[in-house]
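The values are calculated or read from the model by the stated rules, or taken from the named source; none is laboratory data. Given the structure is predicted, the values throughout are model-derived calculations rather than measurements. Positions of Cβ are generated from backbone atoms using ideal geometry, with glycine treated the same way; all protein chains shown enter the neighbour counts. We work out accessible area using only protein heavy atoms, side chains counted, and drop any ligands, DNA or RNA first. Shrake-Rupley method; radii C 1.70, N 1.55, O 1.52, S 1.80 Å.
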Amino acid sequence: MIASLRADGLKMRKRWATWIMAGIFLAWLVLLVYVLLFYIVKSQPASLRGSEVPAAVLKRQLFPENLIPTVLSTAASIGAAIMIIYGALGTASEYGWSTVQTILIQKPGRTAVLAGKWLALGVATVLISLAAMAVAALCAYVVVSIDGSSSSWPAATELAKGFGALVLQLAVWAAFGAFLGIAFRSTAAAIGGGLVYLFVGEVLLGSLFRGATVIKDVLKYLPGINATGLDSAFHLSYRNPGAQAPLVDATHGLITLLVYLAAFIILSLVIFRQRDVGGG
């Protein structure tokens, strides 16, 4: 397992896609969250005037006091997509390169090989989460300094809980991508299927049909909906009347995400151990 961990860690470090995907996530956080929103609230376009939340209040989303909910909201969108791609690349690429057969004729067994991949993916998830929190904290400090306002940082315990929530939901999406990579044995199919599910199944259908009784009950068990429920434990420092109420509470979200994480890992192991890896 340790040898597999080292090998997958090396592949992740050498793969350009790893750094590009991480760069996109951090650039999105900086440019499309902090820079863009700060520009909008400072310029106060006509569309923002008369809003339920005044610009003077809305800008506080970018301040240190709202560090955790701001990062978590980004993780629920672009972060989820990035981690699906990470997971798919970590498993499906072995089939595309036809290296999986070579790996399995070496000393490690299938369980050890897959465990090493999971550990490498877990380490990458933690590092990406740390980078996102650090970059967001730096942006929040710069914004509040430029604005000349004052804002307090979240308590250490709150930061730890927020970081744990971030790691968990990113890990679930990475595990989902890795599971699809093993199930489909194709990087393109795994990434395509994962992103279609995320943006059509979770985002589009979740927005359009969240009011329908039957579909609403189904939505309560989807990973993205439960990630949003978990995020609801970390409130903004101001009230936004236009924000939608989460379909599930934080406890339901936490338990469901843990179940999904375990399910993706177990199903991946079952498929990987029992299926012939030859062919595509």
* Index of the failed condition, Leu159 passing every other in (1) within 17 Å of His235 (Cβ to Cβ); (2) not in a helix (DSSP H, G or I) -> (2)
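Take segment 27-36 and flag every residue that is in contact with a Ser or Thr (Cβ under 9 Å, 6 or more places away or on another chain) and open to solvent by less than 80 Å² (accessible area, probe 1.4 Å).
Answer for segment 27-36, where residues must be in contact with a Ser or Thr (Cβ under 9 Å, 6 or more places away or on another chain) and open to solvent by less than 80 Å² (accessible area, probe 1.4 Å): Leu29, Val33, Tyr34.
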* **Single residue of segment 132-154 satisfying the filter (farther than 14 Å from Tyr34 by Cβ and open to solvent by 60 Å² or more (accessible area, probe 1.4 Å)) that is nearest to the chain's Cα centre (by Cα)** => Trp153
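Could you check segment 23-133 for helices (runs of 4 or more DSSP H) lying wholly inside it with 3 or more residues that are within 21 Å of Gly9 (Cα to Cα) and not charged (D, E, K, R)?
On the way: elements: 36-43, 55-58, 67-74, 80-96, 100-104.
Correct list: 80-96, 100-104.
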* Structure fact -> Within segment 43-99, the count of residues that are more than 25 Å from Gln244 (Cβ to Cβ), of a type in the set (A, V, I, L, M, F, W, C), modelled with pLDDT under 90 and open to solvent by less than 40 Å² (accessible area, probe 1.4 Å) comes to 1
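Among the helices (runs of 4 or more DSSP H) lying completely within segment 179-280, list those that include at least 3 residues that are out of contact with any Asp or Glu (no Cβ under 7 Å at 6 or more places or on another chain), open to solvent by 60 Å² or more (accessible area, probe 1.4 Å) and among the small types (Gly, Ala, Ser).
On the way: elements: 187-196, 205-208, 213-219, 223-231, 250-274.
Helices (runs of 4 or more DSSP H) meeting the threshold: none at all.
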